[in-house]
1. How big is the gap, in Å, between the Cα center of the range 88-156 and the Cα center of the range 251-316?
2. What distance in nm separates the two pseudo spin-label positions at residue 122 and residue 451, each 7 Å out from Cα along the beta-carbon direction?
3. I need the trypsin sites (Lys or Arg not before Pro) found in the range 132-216, filtered to DSSP loop residues with at most 15 other beta carbons within 10 Å of theirs.
4. Need the list of aspartates and glutamates near residue 211 for cross-linking: C-alpha distance under 17 angstrom, and skip anything on the same chain fewer than eight residues off.
5. When a/c reaches 1.5 or more, the comparison of a/b and b/c decides; with that in mind, is the range 170-325 rounded, prolate or oblate per its Cα gyration tensor?
6. Mind scanning 55/241; 55/139; 14/55; 14/241 and naming the pairs with a C-alpha gap bigger than 20 Å?
7. Give me 225, 204 ranked fewest to most by other Cβ atoms within 10 Å of their Cβ, as a rough exposure proxy.
8. Looking at the chain only, what percent of DSSP beta bridges run antiparallel? Nearest 5 please.
Amino acid sequence: MMLALLAVVQVGSKVFTESVIVAEMATQLVRTAGIEAVHRRELGGSRVLWDALLKGEIDAYPEYTGTLTQELLPGAGPDLRQRVADRGIVMSRSLGFSDSYAIGMKRTVAERLGVRTVSDLARHPEVRLGFSNEFMDRKDGWPALRRAYSLPQRDVRGLDHDLAYRALADGAVDATDIYTTDAEIAAYDLVVLEDVRHFFPEYEAVLLWRKDLPEPGASALRRLEGRISARDMIEMNGRVKLRHEAEARVAADFLQRTLGVTAPTRTEGRAARIAARTLEHLELVGVSLAAAVVVAIPLGIAAARRPRAGQAVLGAVGLVQTIPSLALLVFMIPLLGIGARPAIAALFLYSLLPIVRNTAAGLSGIAPEVRASAEALGLPRLARLRLVEIPIASPAILAGIQTAAVIDVGTATLGALIGAGGYGQPILTGIRLADLGLILEGAVPAALLAVLVQALFELLGRAFVPRGLRL
């Protein structure tokens, strides 16, 4: 009875395959303890997951000791376990493997240039480097590596980690950062350059969870301590990334083979997945657009009636539109956490400009003699606005709302990066796994939804725009 009253345990994972697999194991183990658990997949990078754990937005996720010491809890002090505990978080013992950073090159290129160590790169400024976006900015990433080895390369590209492997295979870059348990090392015949100065720390895989996690769940998570070898992890990564098997199935097979645990797995058919993502996407677009309409139309009216103040309003909403969508999502995380709320807030802000601008333009474009006629009829100001001005400006207003809706449909796909779901989820997973089918599973419905939005507004135009204006 007690377990039935417990809240659902939220297990998070980062945007790479190994994290998804380990988080799936953790989720299944918690369920075997009689506690409901859900896996919130691919929520972002280390900082996003760590902050979400501290805020209680998730209850557990896989991490690495090197990331904790270098990026999340840097500096001197008590041992790492105590520093983590001081934040209200429990850290497991090592899961049994280390997944460290390294620099990899195609064997043919490394042999041609005579490169065996990271130090050897200093003799070849022409080597083209392409690193994962997170590695480009981490304290234990490219800036510190360049200083430690006095590397001369300056033109370095930032790429998605999985896309970097494909760029390496296609010859677009010569070297990239790799994880030592990546299955692609063997698949692409890469040479792992020796870190002769021991720049990269140890990255022992661990699980982190909140101290208030119910004890049956915490005990279940501890069952993974010391049970996953590096060979196991490489093999599981390969099954997912090279053979396109589902992470849930791979995790369940490992738990059965290693722990004798038959964990319930939850797999959805494609139709069910698309239906679920559609509902999530419609929520993101619908809520944000409705809020924008309520705020933006009055702002547009005010901008039309007071042109000087209106320029300031249009400038402010226009400034928001210049902020890159991914950056705006990240800005929202400290305020609203992860999930649908920050995505809806960002989409709301992006919807303001077209609605405010079109409302102001539509009202400002009304002929003076029409206004004069309405005044001559003795209509009060609000009545003139409701009965004359808004109907005349309705084509422009509706066009602004339509533009905002189409923008929202496309931009909402980025919400998957912070756990908002929607059509971006299969696109994100498809990019990670190089699975065109998954990419299309998100991209095609998103395109169809945009077309349906266009058609819907055509119908709304017939319903709300006066017939004389339509003619």
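Each value in this text was obtained by applying a stated rule to the coordinates, not by laboratory testing. Owing to the predicted nature of the structure, the values given are computational and were not obtained by experimental measurement. Neighbour counts are summed over all protein chains in view; Cβ atoms, including those assigned to glycine, are modelled from backbone coordinates with ideal geometry.
1. 36 Å
2. Modelled inter-label distance: 5.9 nm.
3. Details: sites: 138, 139, 146, 147, 154, 157, 166, 197, 210, 211; in loops: 138, 139, 154, 197, 211.
The qualifying sites are 139, 154, 197, 211.
4. The qualifying aspartates and glutamates are 51, 57, 59, 63, 86.
5. Numbers: a/c = 2.51, a/b = 1.80, b/c = 1.40.
Because a/c hits 1.5 or more and a/b exceeds b/c, the range 170-325 counts as prolate.
6. 55/241; 55/139
7. On the way: 225 14, 204 20.
The fewest-first ordering by Cβ neighbours comes to 225, 204.
8. Working: 17 of 28 bridges.
For the chain, the DSSP antiparallel bridge percentage is about 60.
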